[in-house]
1. Could you grab the pairs with beta carbons closer than 8 Å, sequence gap of 6+ or different chains, first residue in the range 124-152 and over 21 Å from P51 (Cα atoms) and more than 10 Å from the ligand (Cβ to nearest atom), second one open to solvent by less than 40 Å² (accessible area, probe 1.4 Å) and part of a loop (DSSP other than H, G, I, E, B)?
2. Could you please let me know if A125 is surrounded by fewer than 19 Cβ atoms within 10 Å (Cβ to Cβ), under 25 Å from A85 (Cβ atoms) and out of contact with any Lys or Arg (no Cβ under 9 Å at 6 or more places or on another chain)?
3. Is it the case, given these coordinates, that T191 is within 13 Å of the ligand (Cβ to nearest atom) and either within 20 Å of L208 (Cα to Cα) or at pLDDT below 95 (or both)?
4. Output yes when any residue across the range 200-216 is more than 14 Å from the ligand (Cβ to nearest atom) and touching a Lys or Arg at 6+ places or on another chain (Cβ under 7 Å), and no when none is.
5. I need every pair where a residue in the range 87-107 that is part of a strand (DSSP E or B) has its Cβ under 6 Å from the Cβ of a residue that is near the ligand (Cβ under 6 Å from one of its atoms), sequence separation at least 6 or different chains.
6. Out of all the residues in the range 155-172, which are more than 12 Å from the ligand (Cβ to nearest atom) and either open to solvent by 70 Å² or more (accessible area, probe 1.4 Å) or part of a strand (DSSP E or B) (or both)?
7. Quick check on my filter: what residues within the range 30-77 are modelled with pLDDT under 95 and of a type in the set (D, E)?
8. Just for the range 93-104: of the residues that are surrounded by 19 or more Cβ atoms within 10 Å (Cβ to Cβ) and near the ligand (Cβ under 6 Å from one of its atoms), which one is farthest from W138 (Cα to Cα)?
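The values are calculated or read from the model by the stated rules, or taken from the named source; none is laboratory data. In this text, all values refer to a predicted model and were calculated from it rather than measured experimentally. Cβ placement follows ideal geometry from the backbone for every residue including glycine, while neighbour counts extend to all protein chains displayed. SASA here: full protein model, heavy atoms, side chains in, ligands and nucleic acids out. Shrake-Rupley method; radii C 1.70, N 1.55, O 1.52, S 1.80 Å.
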Amino acid sequence: MKLFNFLKKGNSKKKDEAPVKADEAPVKAPAKKSSKKKVEKKLIQIWKPRPVDIEKFFPGDEIIVSKTDKNGNIIYGNELFIYMAGYTETELLGQPHNIIRHPDMPQLIFKALWDTISQGKEINAYVVNLAKDGRYYWVFANVTPSFNDEGNIIAYHSVRRKPNPRALEIIIPFYKELRRAESVGGMHESTKELVKLLESQKMSYEELVLHLQYKI
Ligand SMILES: Cc1cc2nc3c(=O)[nH]c(=O)nc-3n(C[C@H](O)[C@H](O)[C@H](O)COP(=O)(O)O)c2cc1C
């Protein structure tokens, strides 16, 4: 089965190894801890939790923080990030950040995120995340690049706050519309929807999300 291909990798016979007769087959040593860990990490990437329609709450005065390398692999998470994601710190570190991606998120928002931060700029976005137990939690995320002394991007940093509930009343149906557009015509169609909204509001994307978070 394709799903398990990666498990066979380490076991494949080297090219010039002599064939082993059945009665000479060596007793297999138990898998080393490190390779067991690697398998566990791969499994976490493959087996995405099934979303359930139950919210996971966090206190409004606390912030959820994570950092990634340039490729979006998690290199740090604060206690609240780990708690909300529902994985252990060991399970999370090194994983692509999409480990907590919720299927209700339109792809366009992540495209906007990566296009913006890879150009060295910050972005704010409403994001619904998926915890390990399938619960969801909405955040208002600020994502920024970190630079080295030469001005090159070396990592990314995200700070998430509780979203304004009134903003979510607008964002939830709008994201639904974006996903519908994506299912019909991909990101080309969802981009059109976003442009339509921004034009009707006479705001840029950044102005709109900040307005929704702090001014309504
Ligand atoms: C610093 C940082 C934080 C991120 N935080 C999240 C997050 O909380 N939830 C999420 O789904 N994606 C987050 N992403 C975006 C993911 O890297 C990824 O683009 C997204 O989950 C979509 O994954 P996919 O393209 O595999 O569908 C973050 C990226 C960066 C760089």
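1. What qualifies is F147/G120.
2. No.
3. no
4. Taking every residue of the range 200-216 in turn, at least one turns out to be more than 14 Å from the ligand (Cβ to nearest atom) and touching a Lys or Arg at 6+ places or on another chain (Cβ under 7 Å).
5. Within 6 Å, the pairs are P96/G72.
6. Within the range 155-172, R161, K162, P165, R166, E169, I170, I172 meet the criteria.
7. Hits for the range 30-77 are E40, D61.
8. Restricting to residues being surrounded by 19 or more Cβ atoms within 10 Å (Cβ to Cβ) and near the ligand (Cβ under 6 Å from one of its atoms), the top hit is H97.
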